[in-house]
């Protein structure tokens, strides 16, 4: 593969990913990695960002805050406007339940706030592990009282986990249906049309523009390798005009 540093940014800074209002984006999101699509397509000198949310815990993200849903931000979907290659959340911060002033959610808010903290801690420990070892912790980050020492011990106990890192940059499972796993499916007789329809993927939906045209699929990664309560997979889509990005959370 070509030099990673020119096309890939692991655990980028919030200022590299988000356009403005850094404090609120930092409160709710976890920036996992950024990729310049030029490494696959020379004509596409554009950065895209894979992010997750700290609210993932129990049930669908955004399922109780429908008043703040948009076309691209709803249950288990997060939409962003793309401005100068960076993301701007496309609805009110009240979409996230910990910002709710509904008294019926008070007890639940406390529980979600704890999940935020646990997701942040596990993300930070996973990031520290990557900086130390040059590779992600290739198992789920669902350890109680997580620490880098615990991750190192676990990887030592399961050496096979080190042999099958995600294909792209050691972070991403697939980009643009280019992965070996997708190519194997095609060799086995699965049609590309079926792959592109995501028939066997538990997506909440495929985002579409106002003319009902599907957004372009960018790729996916395994979310539970980056936070304690991560989605099984995070799928990234982008509008054809490059002005919107949508993350979809998939659970099995």
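A few comments on the model shown:
- Rounded FRET efficiency, nearest 0.05, which uses the C-beta distance separating residue 22 from residue 209 and R0 of 35 Å: 0.80
- The alpha-carbon atoms of the range 12-136, seen along their principal axes, cover 51, 36, 23 angstrom, with the largest extent given first.
- Gaussian network model of the chain, Cα within-10 Å springs - most flexible of 201, 61, 35: 201
- Kirkwood-based Rg to Rh ratio, the range 146-213, C-alpha trace: 1.14
- Tail beyond 14 Å, pair distance distribution of the range 181-252 (Cα, percent): 64
- The overall shape of the range 113-164 is prolate: from the C-alpha gyration tensor, with semi-axes ordered a ≥ b ≥ c, the ratio a/c is 1.5 or greater and a/b exceeds b/c.
- 222 nm mean residue ellipticity, helices alone, for the chain (DSSP H n ≥ 4; -39,500 (n - 2.57); rounded to 500): -7500 deg cm²/dmol
- Placing pseudo-labels 7 Å out from each Cα toward the beta carbon at residue 158 and residue 202 gives an inter-label distance of 1.9 nm.
- Packing here is the average count of other Cβ atoms within 10 Å per residue, and on that basis the peptides 14-20, 204-210, highest first, run 14-20, 204-210.
- Measuring max minus min along each principal axis, the C-alpha atoms of the range 4-250 give extents of 55, 52, 33 Å (largest first).
- Added length on full extension, which subtracts the Cα-Cα distance from 0.36 nm per residue, residue 14 to residue 242: 80.1 nm
- Each peptide in 40-50, 132-142, 227-237 was scored by the mean count of other Cβ atoms within 10 Å over its residues; highest first, the order is 227-237, 132-142, 40-50.
- Förster radius 22 Å - calculated FRET efficiency between residue 124 and residue 5, Cβ distance, rounded to 0.05: 0.45
- If you take the Cα centroid of the range 225-245 and the Cα centroid of the range 1-37, the two points sit 12 Å apart.
- Peptides 91-97, 211-217, 64-70 ordered by average Cβ neighbours within 10 Å, highest first: 91-97, 64-70, 211-217
- The per residue volume of the convex hull around the alpha-carbon atoms of the range 93-235 is 153 Å³.
- Listed residues 176, 193, 88, most fluctuating in the chain (Gaussian network, C-alpha, under 10 Å): 193
Every read-out reported here was derived from the displayed coordinates using simple, explicitly stated rules and does not represent laboratory data. Keep in mind the model is a prediction, meaning the values are calculated, not measured. Glycine also receives a Cβ, built like all others from the backbone with ideal geometry; neighbour counts cover every protein chain displayed.
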